[in-house]
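First comes the structure, then the notes that go with it.
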Amino acid sequence: MCGIIGITSKNNIKFDLIKCLKNLEYRGYDSVGIYLNKLIKTKGRVSDLEKLIDDSINSSCGLGHSRWATHGIVNNVNAHPFISYNQKFVLVHNGIITNYLEIKENLLIKGYKFYSDTDSEVVCNLLDCYYLKYHDAFKSLKLTLNNLEGSYALGIINLDEPNKIYFAKKDSPLVIGKSSNFNFIVSDINSSYFLTNEFIILNDKEYGYLDSDNIHIYLKDKEILKNSITLNLDNKEITKDGFEHFMLKEIHEEPKVLKNILDKYTLNNKICLDPLFIKELINADEINILGCGTSYHAALIGKEIIEKITMKKVNVYLASEFSNVNLINYNSPFIFLSQSGETIDLKIAYNNIKNKDKIYTFTNVLTSSLAQLANKAFDLCSGIEIAVASTKAYISEVTLLIMIAYKMINKDEIFINEIYNCINSINKTLNTKESIYELATKIKDSTSLFFLGRGMDHLINLENSLKLKEVSYIHSEAFYGGELKHGSIALISKGINVIGLITNEKYLTLLSNIKEVESRHANVNLISTSNLNINSQYVIECNNELFTPIIVSPFFQLLSYYCAKLNNRDIDKPRNLAKSCTVE
Ligand code: F6R
């Protein structure tokens, strides 16, 4: 979950390294550090680090790291980079070394001292130990890697060869960027495409070294040749484009995202999806979908809609709990939903599925590990998502799942027309932000807030609740209306805020549940897709019940955004979170 950058160039790299680190910050932002002829690191953000950097600090080769703490509390000492005990290596690491205590004990016996609580410092000192013996940094790297268990993306400088960067990757993201005057390693293409659009995607267990002219990649002791890919990225995407926050900008991009999906996947009123994939879904007994967090919520909506219109059974699994599931139909296709394509829980689930031929990834990052691993990867077409809280990618995930459902029953035109309706509806919501802001002012001081819904509305509320808590820090829960009386109603007391959602006549029974909480003096606001003539109601028009998740979710995303704003939260980088979860 940390961000790594290492650049080696013919020119000074200070500004590029720091710019890249700023772009990488969304991967982890509790502490940050650089090595550029000197080691500078601090608890806090890149903006805090910048205050410590003066003109004396510059170099043509350096490393940078933004941390999301795993081993060791958040402080300056546990921040990366690390310098080895005998001052031979500087190292940045993303991942978790599971056997670090064992290695540490051996190094302690050899007289090594450790200043941090991290597993990463142990790797740095193991390199140092081999180097003192063999005086060969590359050999020391290979020997070190042989000892490591767990996951790593490593960037290393041997201080006797200050223009070279060594690297290694296993189960944590790392790519190489190429240019005429410089080369670099980075954990995230998006953060560095201002430097180049030519990249080499590294696979697990690859390692090697680079300087400003050459790149050497190895696998199992043999040098390998890898082709680079050239990406066509839109430079505008990484700016806020006039919006106060990336989250707000990304919510506003949702109509464009739906249009992107139509542009990419439809032609002449037909959905153009790999026919073999669709055939496989049609022929399967069941379909399995895996995801985490917001992507898991999108999967739950997908299950509801696919089952409803195709009558095909869908199993949805939380990827982080996949190994604890007893009955899994491994003969059925698996759809991995992941905005980042790097989520470790999905990678672990991938490793546990023997037949990889039926694994498909829906992701926003086609160069990501899960896209590379899958039998086939499908683009979510959201464009780069920077805000840690996922909004537009959720809309894409839900839309793609609805699209495969309609394709499976050959009702392409209905899907396409409805997506145009969704675009109009979302635009309407975006144009009535004042009423959403007004609702935010009513609920922003809640200590706890409850979302009530029935059927698919509850599934939509699961995501609404997650969004609210992650950006505004208001504790919230989503309950099925009918379940309240079985226990949770004990939480309702005077002044508690409740938000009801009714998007379907079938769910009108929620009105009695709303009466139940109102009788206990809760403050209820109702969001519905038709006018039910009650107080504190917000109407979002929608004619096709199957598309309500796409139409109503932007309302709730904006509500969470405004609650966070009114509560002065760090909206794009909520506390304790990171954009892509690459450790277990
Ligand atoms: C919440 C959020 C997370 C992610 C989850 C999975 O706003 O973004 O819950 O959805 O960490 O990430 P991906 O989709 O990248 O696998």
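Read the figures in this text as sums done on the coordinates, not as results from a lab. This one's a predicted model, so the numbers in the text were calculated from it and none came from an experiment. Glycine gets a Cβ as well: all are built from the backbone with ideal geometry, and neighbour counts include every protein chain shown.
Our summary gives region 1-75 a relative contact order of 45 percent, counting only alpha carbon pairs under 8 angstrom and 6 or more residues apart.
Note on Asn324 and Asn106: the model spin-label points, each 7 Å out from Cα along the C-beta direction, lie 3.4 nm apart.
Relative to the longest principal axis of the Cα atoms of the chain, the long axis of helix 100-109 lies at roughly 20 degrees.
Taking every C-alpha pair closer than 8 Å and separated by at least 6 residues, the mean separation divided by the residue count of the chain gives a relative contact order of 12 percent. Annotation: the residues Ser66, Ser31, sorted from fewest to most other C-beta atoms within 10 Å of their own C-beta, follow the order Ser31, Ser66. Model label points for Thr509 and Glu584, set 7 angstrom from Cα along the Cα-to-Cβ axis, are 4.2 nm apart. Fewest neighbouring Cβ atoms within 10 Å first, the residues Arg569, Arg454 line up as Arg569, Arg454.
Against the chain, whose longest principal axis is taken from its Cα atoms, helix 254-265 shows a tilt of about 80°.
The H on the amide N of Tyr218, modeled in the peptide plane, is under 5 Å from the matching H of Tyr207, Gly208, Ile224, each at least 5 residues off or on a different chain. Any idea which of Ala405, Met456, Tyr330 is furthest toward the positive side of the dipole for the chain, if Lys and Arg beta-carbons carry +1 and Asp and Glu beta-carbons -1? Farthest towards the positive end: Tyr330. Projecting the Cα atoms of Gln557, Ile527, Ile514 onto the charge dipole of region 491-558, computed from C-beta unit charges around the Cα centre, puts Ile514 farthest toward the positive end. Loop-located GluC sites (Glu not before Pro) in region 149-214 (DSSP state not H, G, I, E or B) with no more than 16 neighbouring Cβ atoms inside 10 Å: Glu149. Percent antiparallel among DSSP beta bridges with both residues in region 459-584, to the nearest 5? Rounded to the nearest five, the antiparallel share is 0 percent.
The amide H of Ile496, built 1.01 Å from its N in the peptide plane, has Asn523 as neighbours under 5 Å, considering only residues 5 or more places off or on other chains. Segment Lys428..Lys113, full-extension length gain: 107.2 nm, with 0.36 nm per residue of separation and the alpha-carbon distance subtracted. Put simply, the amide H of Leu159, placed in the peptide plane, has neighbours under 5 Å in Phe89, Val90, leaving out anything fewer than 5 places away on its chain. Can you classify region 156-212 as rounded, prolate or oblate using the Cα gyration tensor, where a ≥ b ≥ c are the square roots of its eigenvalues, rounded means a/c under 1.5, and otherwise it's prolate if a/b beats b/c and oblate if not? Taking the square roots of the gyration eigenvalues as a ≥ b ≥ c, region 156-212 is oblate.
Here the chain carries DSSP beta bridges of which approximately 60% are antiparallel, counting only pairs with both residues inside. The spread of Cα positions in the chain, taken along each principal axis and listed from longest to shortest, comes to 78, 52, 46 Å.
Computed about its Cα centre, the charge dipole of region 261-353 is approximately 220 debye, with only Lys, Arg, Asp and Glu carrying charge at their Cβ.
Charges were assigned to the Cβ only: +1 to each Lys and Arg, -1 to each Asp and Glu. The resulting dipole of the chain about its Cα centre is roughly 300 debye. The phi torsions of region 420-425, fed into the Karplus equation with coefficients 6.51, -1.76 and 1.60 and a -60° offset, translate into couplings of 4, 4, 4, 4, 5, 5 Hz, rounded to whole numbers, with Gly and Pro shown as x.
Residue order for Phe334, Phe362, Phe378, fewest other beta carbons within 10 angstrom first, comes to Phe378, Phe334, Phe362. Once C-alpha pairs closer than 8 Å and six or more residues apart are averaged by separation and normalised to the residue number of region 108-243, the relative contact order reads 16 percent. Filter the cross-link list Lys14/Lys220; Lys312/Lys506; Lys88/Lys110; Lys170/Lys356; Lys240/Lys270; Lys10/Lys347 down to pairs whose alpha-carbon distance in this structure exceeds 26 Å. Pairs exceeding 26 Å: Lys14/Lys220; Lys240/Lys270; Lys10/Lys347. Evaluated over the Cα positions of region 440-584, the convex hull gives a direction-averaged projected area, one quarter of its surface, of 9.4 nm².
Projecting label points 7 angstrom from Cα along Cα→Cβ for Leu225 and Leu566 puts them 6.3 nm apart.
In order along region 202-215, the Karplus-derived 3J(HN,Hα) couplings, from 6.51 cos²θ - 1.76 cosθ + 1.60 at θ = phi - 60°, round to 8, 9, 4, 6, 7, 8, x, 7, 8, 10, 5, 9, 10, 10 Hz, and Gly and Pro are given as x.
Which shape class applies to region 242-341: rounded if a/c is under 1.5, otherwise prolate when a/b exceeds b/c and oblate if not, where a ≥ b ≥ c are the square roots of the Cα gyration tensor eigenvalues? Oblate shape, in that a/c is at least 1.5 and b/c is the bigger or equal ratio. What fraction of the DSSP beta bridges in region 252-350 is antiparallel, stated in percent and rounded to the nearest 5? The answer is about 20 percent antiparallel.
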